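Colleague: Pasting a structure below so you can have a look.
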């Protein structure tokens, strides 16, 4: 074996024409300065990020203006696309904060997510389940989990960890019902007890966490009112079926306090990463694999929202006829047939298909024949409906893990 | 501090078994192992420019020279290839996509296509630019980026000076609206520095040239004032680039390339392999798969025609959307559709009769045309996930008859 050993230091001067200089930066990265003065960091610090919605761009289930309230005591309620919350007691609000007009120091992302404990003091868990097909390439590998965070009000210790769905679990079936994801939240400084077939992966012992301290099954972060980067490495077992990136309060959070997070990542290897998103189109498409809707992206799904984007069709059989279909195509195909499909009347406060020609509503509306590529909206007309009259309905299709 | 200096060279021999050699080739650190594999010690960066390989020109037949800006246009920006807008100081500009599939061109071997921009009709200046939407621009805030591209001259006038730079806007300016106000007022006289000034229509203080970074040195170009000057030679591809520090509060960034002087008719520039990447490194141009690159441009422009088919009336039923007559006679029926990817914004829409020379829906059962076709309520009636057309029939239309129409939705910045 042979090696070159460098001392850390500032960038050297630009070399003469036809030469390049290798040096070790004060951050511990190997760099090359070429004769044009270009300073190239040789560490691969923009690897593929397995976390979706890592910049908190999308929150399709709610309006992105203002906050929305969620609560799943010991379960998982999805807030921003991909991001679930589990709370010790009611409730939690989620807000997407836009920094376009007022950028924040140490944050490159335009958006960040604000998770606020409300009503009473309690513990709070923020998590994202990563699909088996995405985590398979990092089995038996070291990965780095990283985020930027700041508190809402009081400085506090938060924990960062990585959870696996073990070999005993069923692929892409991570518990989400009340009391099933976190079966107990524990006292202050005690980590939540996880549900069936879920297990913490201890941080890699040989790699010092980034701005955090290993303790037990996770790493502790001292979160303040300034944006800071935190991270830790974990060795993913070869038998892991799903990974869950988890951030949780080390103790109860006071009502109306919480945490802001953004620029999250899970990457193969142990290198500290620069947060390197793809274009908004590509990042959105990753989320559409799990949740799609007929509404505009930043518009909350609601009844009587108007015809914009609603799925169109026509009456195929006159009168009171059950089971007439309207076809809906899903772009891109979802990860699985959506398990939860919800319909919204675009012109009235109910969940039925609207006859836009007659200005009346169906008496029943449901979904059928759901697949990764589409589904049918089935409905029952009323006596006055005539063949070929126009129909419209809004919908959401949810295949979130 | 310690460092290790390498000489730049073109190649090295494969090392002995069990050894590896780190070396410098074309300013890029490389590693040869004992199997002779050359590993570049850096992954390529994400390219924030869409249609960077000039694959798509959905507004036209890509390979056919197509004229834009039929009237003098100093303040209006016309989209040619997807994502790429042009302005000219005098009538007009032509664009076409050139396919190198049958005749590869040295210097841009990694890309099949390039874009050719030619001055037409009257001598004048031209500017070629791409506005990045706000969410993409803001991901670059507070970072050093490199704008690079390959270019060669068009026409036989000999080497010509061109300029390139990066425009940006700050909070308070337009966000994701058409052209962002980044249209330019063309200066009628030749200039060396800042030859193009921002249009008076744009709010003062919300857009500016971003000063090029002198370190690292610009690639094959020279910083003069607020942009970099480069020389293109007819028929010879060369790569150009420069770095820029994006302000922490930038809302939009827009790479721009413009002629440094008035171009003779028939003269112009060919561009390929454009890139805007985080970091200072010169990049080997790389792209995503074609389906991903297509989805990126479809966020701002979608149509029912084949990708390489110019939108036109009377183009046939292939790809047309379908519906049925909801109400007999001269009444309004609706035909809905869902976009392949959600649009950036509601944009502007155009309809095309697939079987006749008009902009109305076709009743394919009756073989007659609607008398009006529009999105209900204009723009507010259009969603970004999908939309619908209201079609006004004629007296002879029967309920249940089939309707067909083509559309274009354009939300380009």
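Colleague: What tally of residues in region A:60-72 results from selecting those that are surrounded by 20 or more Cβ atoms within 10 Å (Cβ to Cβ) and away from chain B (no Cβ under 14 Å)?
Modeller: Looking only at that region, the number is 4.
Colleague: Continuing with this model, one more query. All but one of (1) at pLDDT 95 or above; (2) crowded, with 17+ Cβ neighbours inside 10 Å hold for residue A:340; state the number of the condition that does not hold.
Modeller: (2)
Colleague: Checking residue A:26 against (1) part of a strand (DSSP E or B); (2) more than 9 Å from every other protein chain (Cβ to nearest Cβ); (3) modelled with pLDDT under 90, which single condition isn't satisfied?
Modeller: Result: residue A:26 passes all but (1).
Colleague: The conditions are (1) away from chain A (no Cβ under 14 Å); (2) in contact with a helix residue (DSSP H, G or I) (Cβ under 7 Å, 6 or more places away or on another chain), and residue B:394 fails exactly one of them. Which is it?
Modeller: Among (1) away from chain A (no Cβ under 14 Å); (2) in contact with a helix residue (DSSP H, G or I) (Cβ under 7 Å, 6 or more places away or on another chain), the lone unmet condition for residue B:394 is (2).
Colleague: Just one of (1) under 30 Å from residue A:44 (Cα atoms); (2) buried (at least 20 other Cβ atoms within 10 Å of the Cβ); (3) more than 7 Å from every other protein chain (Cβ to nearest Cβ) trips up residue A:276, so point out which.
Modeller: With respect to (1) under 30 Å from residue A:44 (Cα atoms); (2) buried (at least 20 other Cβ atoms within 10 Å of the Cβ); (3) more than 7 Å from every other protein chain (Cβ to nearest Cβ), residue A:276 is out only on (3).
Colleague: Considering only residues of region A:87-119 that are within 28 Å of residue B:252 (Cα to Cα) and either under 12 Å from the mean Cα position of the chain (by Cα) or modelled with pLDDT of 95 or more (or both), which is surrounded by the fewest Cβ atoms within 10 Å (Cβ to Cβ)? Outline the logic, then answer.
Modeller: We begin by selecting, within region A:87-119, every residue within 28 Å of residue B:252 (Cα to Cα); these are A:94-114.
Still in the list and also either under 12 Å from the mean Cα position of the chain (by Cα) or modelled with pLDDT of 95 or more (or both): A:94-97, A:111-114.
Working: A:94: 24, A:95: 22, A:96: 23, A:97: 16, A:111: 22, A:112: 23, A:113: 24, A:114: 18.
That would be A:97.
Colleague: Which one of A:37, A:55, A:75, A:84 is at positive phi and either out of contact with any helix residue (DSSP H, G or I) (no Cβ under 8 Å at 6 or more places or on another chain) or crowded, with 19+ Cβ neighbours inside 10 Å (or both)?
Modeller: Testing whether each residue is at positive phi and either out of contact with any helix residue (DSSP H, G or I) (no Cβ under 8 Å at 6 or more places or on another chain) or crowded, with 19+ Cβ neighbours inside 10 Å (or both) leaves just A:37.
Colleague: Would you point out which residue out of B:33, B:10, B:47 is at pLDDT 70 or above and surrounded by 18 or more Cβ atoms within 10 Å (Cβ to Cβ)? Break it down stepwise before answering.
Modeller: Values: B:33 fails: surrounded by 18 or more Cβ atoms within 10 Å (Cβ to Cβ); B:10 fails: surrounded by 18 or more Cβ atoms within 10 Å (Cβ to Cβ).
Just a single option satisfies the conditions, and that option is B:47.
Colleague: Filter region B:318-365 down to residues that are part of a loop (DSSP other than H, G, I, E, B), within 25 Å of residue A:386 (Cβ to Cβ) and within 14 Å of chain A (Cβ to nearest Cβ), then give me how many there are.
Modeller: Going through region B:318-365 one residue at a time, the tally reaches 8.
Colleague: Looking only at region A:46-58, which residues are more than 9 Å from every other protein chain (Cβ to nearest Cβ) and either in contact with a strand residue (DSSP E or B) (Cβ under 7 Å, 6 or more places away or on another chain) or within 19 Å of residue B:47 (Cβ to Cβ) (or both)?
Modeller: Scanning region A:46-58 gives A:48, A:49, A:50, A:51, A:54, A:56.
Colleague: Could you say whether any residue in region B:62-85 is in contact with a helix residue (DSSP H, G or I) (Cβ under 6 Å, 6 or more places away or on another chain), in contact (Cβ under 8 Å) with a residue 12 or more places away in the chain, more than 14 Å from chain A (Cβ to nearest Cβ) and closer than 30 Å to residue A:109 by Cα?
Modeller: Yes - at least one qualifying residue is present in region B:62-85.
Colleague: Here's a check for you: in region A:304-329, which residue that is touching a residue at least 60 places away in the same chain (Cβ under 8 Å) and surrounded by fewer than 20 Cβ atoms within 10 Å (Cβ to Cβ) is farthest from the other protein chains (Cβ to nearest Cβ)?
Modeller: A:320
Colleague: What residue, among those in region A:241-276 that are assigned to a loop (DSSP other than H, G, I, E, B) and within 20 Å of the chain's Cα centre (by Cα), is nearest to residue A:182 (Cα to Cα)? Outline the logic, then answer.
Modeller: Here is the first cut: in region A:241-276, the residues assigned to a loop (DSSP other than H, G, I, E, B) are A:241, A:250-252, A:254-257, A:269-276.
Restricting the remaining residues to those that are within 20 Å of the chain's Cα centre (by Cα) gives A:241, A:273-276.
Numbers: A:241: 18, A:273: 30, A:274: 31, A:275: 29, A:276: 31 Å.
The residue in question is A:241.
Rundown of residues vs (1) buried (at least 18 other Cβ atoms within 10 Å of the Cβ); (2) under 31 Å from the mean Cα position of the chain (by Cα), yes/no style:
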position	(1), (2)
B:307	no, yes
B:313	no, yes
B:321	yes, yes
B:340	no, yes
B:350	no, yes
B:357	no, yes
B:403	yes, no
B:407	yes, yes
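Colleague: Also, quick follow-up: What is the one condition in (1) in contact with a strand residue (DSSP E or B) (Cβ under 6 Å, 6 or more places away or on another chain); (2) farther than 17 Å from residue B:210 by Cβ that residue B:258 does not satisfy?
Modeller: (2)
Colleague: Can I ask one more? Among the candidates B:66, B:122, single out the residue that is at pLDDT below 90 and surrounded by fewer than 23 Cβ atoms within 10 Å (Cβ to Cβ).
Modeller: B:122
Colleague: Restricting to region A:78-101, count the residues that are within 14 Å of chain B (Cβ to nearest Cβ) and more than 16 Å from residue A:62 (Cα to Cα).
Modeller: Qualifying residue count for the region: 3.
Colleague: Within region A:1-23, track down each residue that is within 7 Å of another protein chain (Cβ to nearest Cβ) and assigned to a loop (DSSP other than H, G, I, E, B).
Modeller: Narrowing region A:1-23 to residues within 7 Å of another protein chain (Cβ to nearest Cβ): A:4, A:6-7, A:9-10, A:12, A:15, A:18-23.
A:4, A:6, A:7, A:9, A:10, A:12, A:15, A:18, listed by residue number.
Colleague: State the number of residues belonging to region A:277-310 that are assigned to a loop (DSSP other than H, G, I, E, B) and in contact with a strand residue (DSSP E or B) (Cβ under 7 Å, 6 or more places away or on another chain).
Modeller: Going through region A:277-310 one residue at a time, the tally reaches 9.
Colleague: OK, next. All but one of (1) within 21 Å of residue A:28 (Cα to Cα); (2) at pLDDT 95 or above hold for residue A:162; state the number of the condition that does not hold.
Modeller: In the conditions (1) within 21 Å of residue A:28 (Cα to Cα); (2) at pLDDT 95 or above, residue A:162 misses (1) alone.
Colleague: Here's a follow-up. Considering region B:374-386 alone, what residues qualify as being touching a strand residue (DSSP E or B) at 6+ places or on another chain (Cβ under 8 Å) and either at pLDDT 90 or above or part of a loop (DSSP other than H, G, I, E, B) (or both)? Walk me through it before giving the result.
Modeller: The initial filter retains those residues of region B:374-386 that are touching a strand residue (DSSP E or B) at 6+ places or on another chain (Cβ under 8 Å), namely B:374-376, B:379, B:381-382, B:385-386.
Listed by number, the residues that qualify are B:376, B:382, B:385.
Colleague: Could you figure out which of (1) surrounded by 16 or more Cβ atoms within 10 Å (Cβ to Cβ); (2) in a loop (DSSP other than H, G, I, E, B); (3) over 21 Å from the mean Cα position of the chain (by Cα) isn't true of residue A:375?
Modeller: Result: residue A:375 fails condition (2) only.
Colleague: Here is a list: A:349, A:358, A:336, A:370. Which entry is in a loop (DSSP other than H, G, I, E, B) and within 16 Å of residue A:380 (Cα to Cα)?
Modeller: Testing whether each residue is in a loop (DSSP other than H, G, I, E, B) and within 16 Å of residue A:380 (Cα to Cα) leaves just A:358.
Colleague: Just the residues that are under 15 Å from residue B:49 (Cβ atoms), within 12 Å of chain A (Cβ to nearest Cβ) and either surrounded by fewer than 19 Cβ atoms within 10 Å (Cβ to Cβ) or touching a helix residue (DSSP H, G or I) at 6+ places or on another chain (Cβ under 9 Å) (or both), please, taken from region B:269-293.
Modeller: B:288, B:292 - these are the residues of region B:269-293 that are under 15 Å from residue B:49 (Cβ atoms), within 12 Å of chain A (Cβ to nearest Cβ) and either surrounded by fewer than 19 Cβ atoms within 10 Å (Cβ to Cβ) or touching a helix residue (DSSP H, G or I) at 6+ places or on another chain (Cβ under 9 Å) (or both).
The values are calculated or read from the model by the stated rules, or taken from the named source; none is laboratory data. Just so it is clear, the structure is predicted and the values come from calculations on it, not from any experiment. Quick reminder, even Gly has a Cβ in these numbers, built from the backbone with ideal geometry, and neighbours come from all protein chains shown.
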